[in-house]
Amino acid sequence: MGTTGRNGVDIDTVAQEWVHKADLIFSDKHGTHATIAYREPTHFTISGRPAVRYTATATNIPPDNECDPSSATFDIVATPGYATAEVMIFLIQSDQGHPESLDKAAIDQIISTIRKSETTDATVR
């Protein structure tokens, strides 16, 4: 899982931009592309604020080496940011076909744990 942030766009726009990067992510160095299927967005809330999730499923991924997966999922979650970015983006890529691969239930569980962090004004002594 990775995170990044963006300014100047709404959560839906930035999530769509990021999920469509799957075409580049799952292509090989020669420009051969995987087959990408995009799911409709899922709207929900994180800590009472709007969030959206887009998922791309890549199949027939052209391998650059023998360890590359033949399929993968790429989930993007976007929600309003709290600090330096207007939109917070969470990215989860799960290569499929390996014994340790995350299934949809595990990815759903990871996404369900996203929440606003609570900070305190503690003094270090």
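Here are the numbers for this structure:
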quantity	calculated
So GLN93, is it surrounded by 14 or more Cβ atoms within 10 Å (Cβ to Cβ) and not acidic (Asp, Glu)	yes
Residue check for PRO63: of a type outside the set (Val, Ile, Thr), open to solvent by 70 Å² or more (accessible area, probe 1.4 Å) and not in a strand (DSSP E or B)	yes
Residue match in region 52-59 (condition: under 22 Å from ILE110 (Cα atoms), outside any strand (DSSP E or B) and of a type in the set (S, T, N, Q))	no
Qualifying residue in region 79-87 (condition: surrounded by 14 or more Cβ atoms within 10 Å (Cβ to Cβ), within 17 Å of ILE110 (Cα to Cα) and either at pLDDT 85 or above or in contact with a Gly (Cβ under 8 Å, 6 or more places away or on another chain) (or both))	yes
When residues of region 66-97 are limited to those that are in a strand (DSSP E or B) and hydroxyl-bearing (Ser, Thr, Tyr), the one farthest from HIS43 (Cα to Cα)	SER71
The one condition in (1) open to solvent by less than 30 Å² (accessible area, probe 1.4 Å); (2) over 22 Å from ASP23 (Cβ atoms); (3) of a type in the set (Gly, Ala, Ser) that ALA58 fails to fulfil	(2)
Sole residue being touching a residue at least 24 places away in the same chain (Cβ under 8 Å), surrounded by fewer than 19 Cβ atoms within 10 Å (Cβ to Cβ) and under 19 Å from LYS116 (Cα atoms), chosen from SER71, SER27, SER47	SER47
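Condition check ((1) at pLDDT below 90; (2) aliphatic (A, V, I, L, M)) across all residues:
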site	(1), (2)
ASP12	no, no
GLN16	no, no
ALA22	no, yes
HIS30	yes, no
ALA34	no, yes
GLU40	no, no
PHE44	no, no
PRO50	no, no
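The values are calculated or read from the model by the stated rules, or taken from the named source; none is laboratory data. On a predicted model such as this, the values are computed, not experimentally measured, just so you know. Using ideal geometry, Cβ is built from the backbone for each residue, glycine included, and neighbour counts are taken over all protein chains shown. Surface accessibility is based on the protein's heavy atoms, side chains included, excluding ligands, DNA and RNA. Shrake-Rupley method; radii C 1.70, N 1.55, O 1.52, S 1.80 Å.
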